[in-house]
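Contents: one structure, followed by commentary.
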Amino acid sequence: MSTPKTLFDKVWDAHVVRHVDDGPDVLFIDRHFIHEVTSPVAFLGLEGRGAGVLFSGRTFATADHNTPTINQHLPVADPLSANQLAALERNATKYGISHWGLGHIKNGIVHVVGPENGITLPGMTIVCGDSHTSTHGAFGAIAFGIGTSEVEMVLATQCIMQPKPKKMRISVNGTTGKGVLPKDVILYIISQISASGATGYFVEYAGDVFETMSMEGRMTVCNMSIEMGARGGMIAPDQTTLNYLKGRELAPKGEAWDKLVPYWESLKTDEGATFDVDLTFDAADIEPQITYGTNPGLGTGVTHQIPAAEAVKDGAASYKKSLHYMGFSENESMIGKPIDFVFLGSCTNGRIEDFRAFASIVKGRKKADNVTAWLVPGSHIVEKQIKDEGILDILTESGFQLRQPGCSACLAMNDDKIPAGKYAVSTSNRNFEGRQGPGARTLLASPLVAAAAAVTGKVTDPRELI
Amino acid sequence: MAYDKFNILRSTAVPMPIENVDTDQIIPARFLKATERKGFGDNLFRDWRYNSDNTPKADFVLNNPTYSGEGSPRKILVGGKNFGSGSSREHAAWAIYDYGFRCVVSSFFADIFKNNCLNIGILPVTVSPEFADKIFAAIEADPKTELEVNLPAQTITLLATGESEGFAINGYKKHNLINGFDDIDYLLSMKSEIETFAETRPF
């Protein structure tokens, strides 16, 4: 009998073109996503060395990081952003790469449009010059972010050179309580193991909570794997995965689909396979979460107090610097903290389920006067769903406006910047200093917590509004 | 891309004993809009280094004449635990390189950042937390303290006291850094092997 393998081993080993002695594996990449920010220098490098794109059909380009979220029909006002967008289009055209630029019906955030169009499939290796490529692991793919040198590498050779990471399994068993979303599950895990707790590892999520979770929820969880330092996260494909993918435009059809199903069903960790680290959490311990610090590990249950320095894994000096930036103190309650902005969107929580959750709270209520809310769908397809399902009507009646798709205030490369000193409850993935604009203060949370803040103007337990 | 060969580096160092220095601090997103790889050093640690009116913040280490004054430029940056966390933006490594650093030392690096450094010719040296503390203490006692990073021998040494520690590096990456080679040259030499492999993929 062969040695039991983990899901990660099965997918990784199937992609090793060559193992380099005392070196990394040469790993074949099935799908490569590119966007306007991390690809232009890669194409310049390619030209500099006289290389071409080896398999242009395996790369997909979309514009997202820089794009405005209003008036997308007009020329992009920022000349630097416009220049990057033009470079992406030019390079895609030159090398025959599929390009979903601004104005394209399928345009949106790279990690939203890949799955929703059926480009992302179980058992693939997927890379992109963006750390949240880990999102695609929700399908049982090995997916991770790379740097621009590696973008060039994949364009030129369809391979990258990587040492095989160690393996960690994180199981969450039981049933989550009222008002607890997938975002709360992953924020809870990160708060327990810290923002560097999974560095060096590839994570497999297992247990009841992930088995019963929707694909969109699984994407939220895998998306945030990088926020605890993991190279990526993955969840074994199951019927939920296949149901999501079947019929998506670019997913295999008919006989091609039928031939792949047995392979996809084999993609699970064998009985007896071992992990370098195996962690287990109880779903009952998870309540709606919120962060109070400047890394995603500094979060807690929304009804809790900000911990004292000795109770967190970060060193005291770094922790105090973090709280100083946020304008918070040890032992303060998070409930009732006044906020200024709400951002619903990003590759973490810019999908239709996130808008449904947000609408479930704001329905019949009014946006708080002190709150500026930026609601940004992850793609045009999500935008259309919001309209078709009547969610836009609910939002409009409650005093909210919908913006156009893009990365927006997650990293504030476009005009959507939170002003210095202001507090934003954000469904994005990072609360780093200045991430949402110089001096901006970010509280990461689920769409339900964001909605509760949007209608009350302060940090509120969403369970009171459900 | 081609980069400087790395062999033995002797230099004074800039201390930054802060944990979780993320890539948004190393280079904020608004400075990622270039389509060419130049000038990123000017915006290295932008928001820690400058006020919003572009005047330097006096209390930031890169603005401290003790660490940034004339004389031999400091080529080693010593950071706190979990250095380079966050985004995969290689621009962070470019900014560090463009500013003049050739080696970053920490007790713990984020994975993608470490890879990005190796891919552009910056040597990331992982030391024990104890040795990191010794380096910080030595620099605090004497800002002119020199470090020697010996890649062939895989050692880092405080020259004044001779205290030394070994560090790990993948043999392939070591060979590349010493010779100024990059992965793409290696992979291009495997082209037909890769093309044959691609035919076996089911999608």
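Brief remarks on what is shown
- A single member of A:SER98, A:SER131 is within 25 Å of A:GLY233 (Cβ to Cβ), of a type in the set (Gly, Ala, Ser) and modelled with pLDDT of 95 or more, and it is A:SER131.
- Residues in the range B:32-49 that are within 12 Å of another protein chain (Cβ to nearest Cβ) and open to solvent by 50 Å² or more (accessible area, probe 1.4 Å): B:GLU36, B:ARG37, B:LYS38.
- Condition check for A:ALA316: without any contact (Cβ under 8 Å) to a residue 24 or more places away in the chain, over 22 Å from A:ALA454 (Cβ atoms) and surrounded by fewer than 22 Cβ atoms within 10 Å (Cβ to Cβ): yes
- Positions within the range A:245-282 being touching a residue at least 40 places away in the same chain (Cβ under 8 Å) and in contact with a helix residue (DSSP H, G or I) (Cβ under 8 Å, 6 or more places away or on another chain), in sequence order: A:LEU245, A:ARG248, A:ALA251, A:PRO252, A:TRP264, A:SER266, A:LEU267, A:LYS268, A:THR269, A:ALA273, A:LEU279, A:PHE281
- The lone exception for A:VAL11 - which of (1) crowded, with 19+ Cβ neighbours inside 10 Å; (2) in a loop (DSSP other than H, G, I, E, B); (3) modelled with pLDDT of 95 or more it fails: (2)
- Of all positions in the range B:90-113, at least one carries a residue that is within 14 Å of chain A (Cβ to nearest Cβ), under 18 Å from B:LYS75 (Cβ atoms), under 11 Å from the mean Cα position of the chain (by Cα) and open to solvent by 60 Å² or more (accessible area, probe 1.4 Å).
- Count of the range B:133-150 residues, restricted to those that are part of a helix (DSSP H, G or I) and either of a type in the set (S, T, N, Q) or open to solvent by 10 Å² or more (accessible area, probe 1.4 Å) (or both), is 7.
- Unique residue being open to solvent by less than 30 Å² (accessible area, probe 1.4 Å), aliphatic (A, V, I, L, M) and more than 14 Å from chain B (Cβ to nearest Cβ) when the list is A:VAL112, A:VAL37: A:VAL112
- Exclusive hit being over 24 Å from the mean Cα position of the chain (by Cα), within 11 Å of chain B (Cβ to nearest Cβ), farther than 30 Å from B:THR196 by Cβ and open to solvent by 20 Å² or more (accessible area, probe 1.4 Å), set A:ALA77, A:ALA82: A:ALA82
- A:ILE160 being within 14 Å of chain B (Cβ to nearest Cβ) and assigned to a helix (DSSP H, G or I): no
- Restricting A:LYS178, A:LYS106 to residues that are touching a helix residue (DSSP H, G or I) at 6+ places or on another chain (Cβ under 7 Å), more than 13 Å from every other protein chain (Cβ to nearest Cβ), open to solvent by 10 Å² or more (accessible area, probe 1.4 Å) and farther than 30 Å from A:PRO75 by Cβ narrows the list to A:LYS178.
- Candidate set from the range A:14-34 (those that are open to solvent by 40 Å² or more (accessible area, probe 1.4 Å) and of a type in the set (Asp, Glu)); member that is farthest from the other protein chains (Cβ to nearest Cβ): A:ASP21
- Entirely in the range B:1-107, the helices (runs of 4 or more DSSP H) that have 1 or more residues that are within 24 Å of B:PHE131 (Cβ to Cβ): B:23-26, B:65-68, B:91-99
- When the residues of the range A:419-452 are filtered to those that are small (Gly, Ala, Ser) and open to solvent by 10 Å² or more (accessible area, probe 1.4 Å), the one that is nearest to A:GLY350 (Cα to Cα) is A:GLY434.
- Taking the criterion of being surrounded by fewer than 20 Cβ atoms within 10 Å (Cβ to Cβ) and more than 20 Å from A:TRP100 (Cα to Cα), the only residue of the range A:403-416 that qualifies is A:ASP415.
The values are calculated or read from the model by the stated rules, or taken from the named source; none is laboratory data. Owing to the predicted nature of the structure, the values given are computational and were not obtained by experimental measurement. For neighbour counting, all protein chains shown are included, and Cβ atoms are generated from backbone atoms with ideal geometry for every residue, glycine included. Surface areas here come from the heavy atoms of the whole protein model, side chains and all, with no ligands, DNA or RNA. Shrake-Rupley method; radii C 1.70, N 1.55, O 1.52, S 1.80 Å.
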